[in-house]
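Everything on this sheet refers to the single structure shown next.
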Amino acid sequence: MSFELISLDAIQEIAQQYGYAAVFFGILLENTGIPIPGETITVVGGFLAGNTDLSYWGVLGSSTAGAIIGDSCGYWIGAYGGWTLLTKLGRVFRISDEQLEEGRRQFSQNAAKAVFLGRFITLLRIFAGPLAGIAQMPYPKFLLYNAAGASLWSLVIVSLSYFVGRFVELETLISWIAKLGALGLVIVAAVIGVSLWLERRGKLVKPLEPLESPQE
């Protein structure tokens, strides 16, 4: 996720100065639920590794560890205070507790997919952990999908920035990755929208009763 208050030059300077610590804490804070450009910092870290300023394995390990720990922090925040905060926000936006409860139920049914694949989707990467905590997803199950998703995400992002960054400008690479994340968000929103529409349509259309055969 990009964060307009922090320029790319500033992010590069932070990554060059603090190295693996910048990658680790950047993605950790983003996955905890704080909207900072953790993904961009990770891309910059992989890019610097491609220029031999950092180690590929160091960046990969830092981003993976930061993503796992950050999402776990987000999970526990959601588990212990997320539902209370969500209901308060619901009252502000006139969303009933019943609607929120239904949303939590639907998320619970797809929580594993959201935690694993959500890292590749804009916004969901930030909120998947807290939402899993709110939905009371069992933590051992969450940790399993969290670690698997973090490992795959880090491998893809760091490798992409490490290898492709040698031939493509950093700004272009970041733009491509951001567009892919936004595309994922659009697809997820479309799938949810269609699912809700079909569910409501199914409730409105009652099945036809079988015709009774004439009595002889």
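Counting only protein heavy atoms, what percent of the accessible surface of the range 11-53 is carbon or sulfur at a 1.4 Å probe?
Details: 1010 of 1660 Å².
Summing carbon and sulfur atoms, their accessible area is 61 percent of the total for the range 11-53.
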Practice prompt. Kindly write out, for the range 67-79 in residue order, the coupling ³J(HN,Hα) from the Karplus curve 6.51 cos²θ - 1.76 cosθ + 1.60 (θ = phi - 60°), rounded to whole Hz, with x marking Gly and Pro.
Written response: 5, 5, 5, x, 5, 5, 4, x, 4, 5, 5, x, 5
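The values are calculated or read from the model by the stated rules, or taken from the named source; none is laboratory data. Just so you know, these numbers come straight off a predicted model, no measurement behind them. Please note that ligands, DNA and RNA were not included when accessible areas were found on the heavy atoms of the full protein model with its side chains. Shrake-Rupley method; radii C 1.70, N 1.55, O 1.52, S 1.80 Å.
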